[in-house]
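Comments concern the structure below.
The values are calculated or read from the model by the stated rules, or taken from the named source; none is laboratory data. Quantities reported herein were computed from a predicted structural model and do not represent experimental measurements. Counting neighbours? That spans all protein chains shown, and the Cβs are built from the backbone with ideal geometry, glycine included. Side chains are part of the model used for accessible areas, which takes the heavy atoms of the whole protein and leaves out ligands, DNA and RNA. Shrake-Rupley method; radii C 1.70, N 1.55, O 1.52, S 1.80 Å.
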Amino acid sequence: MKKMIIICIVLFLGVSSINAQFFNKKDVEIYENDVAEQARDLVKDHLDLTEEQDSIFWPLYDEFNTESQAILDAELDVLEEYLMYYYILKDKKATELMRKSNELKRNRLDLQEEYFEKMSKVLPPKLVGKFFQIDYRINLMINHQRTDRIPLVRDQDKH
């Protein structure tokens, strides 16, 4: 029994290290932190805020950004889970991961709608729309970095 447990652990660690060649969570986190640091500057550079708008916008931005980051972290967890199962992915796990991923996409959309409403009550909707365009582009950069390292689901017939 001990041998079986040790073999399972070795196999698990082997699969994990193979997956690491595709996806290094630390690299992605470093990249995302870089983007997050630059995001504020990008928003600041592209939104022409008056002094009054500035004092209203940034606290809302910080709230939105905190909640948005929680979704990004959850998405990263789903990607990490996918890679843990990459070589042994079964239909049930694939379905579960797809559902988690779709739920996070809905959460992101709900968050955007919530903050569009919240921001539009105190700022011009056109300005708020521009902010969400910028946010969308930032998220595209983050997602590009992630998907660039994630392999497509493997065909079970191929070795």
**Message:** Can you give me the solvent accessible area of S120 with a 1.4 Å probe, rounded to the nearest 10 Å²?
**Reply:** 30
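Any idea of the accessible area per residue across segment 114-155, 1.4 Å probe, to the nearest Å²? Could the numbers behind the result be given before it?
Values: 2700 Å² over 42 residues.
Accessible area per residue, segment 114-155: 64 Å².
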**Request:** Beyond 31 Å between alpha-carbons counts as too far, so tell me which of K93/K130; K93/K126; K44/K118 fall in that bin.
**Result:** K93/K130; K93/K126
**Message:** Could you sort V78, V122 by their accessible area in this structure, using a 1.4 Å probe and putting the largest first?
**Reply:** V122, V78
**Request:** At 7 Å along the Cα-to-beta-carbon direction for both L111 and Q145, put a label point, then send me their distance in nm to one decimal.
**Result:** 1.6
**Prompt:** What's the carbon and sulfur percent of segment 48-124's accessible surface, probe 1.4 angstrom, rounded to a whole number?
**Reply:** 53
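Ratio of Rg to Rh for segment 54-159, alpha carbon only, Kirkwood? Don't skip to the end; give the middle numbers.
Values: Rg = 17.3 Å, Rh = 15.7 Å.
In segment 54-159, Rg relative to Rh is 1.10.
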**Cα point-scatterer Debye curve for segment 83-125, base-10 log of I(q)/I(0) at q = 0.15, 0.18, 0.25 Å⁻¹** = -0.53, -0.61, -0.82
**Asked** How many nm is it between the label spots at K100 and R154, if each spot is 7 Å from the Cα in line with the beta carbon?
**Response** 1.8
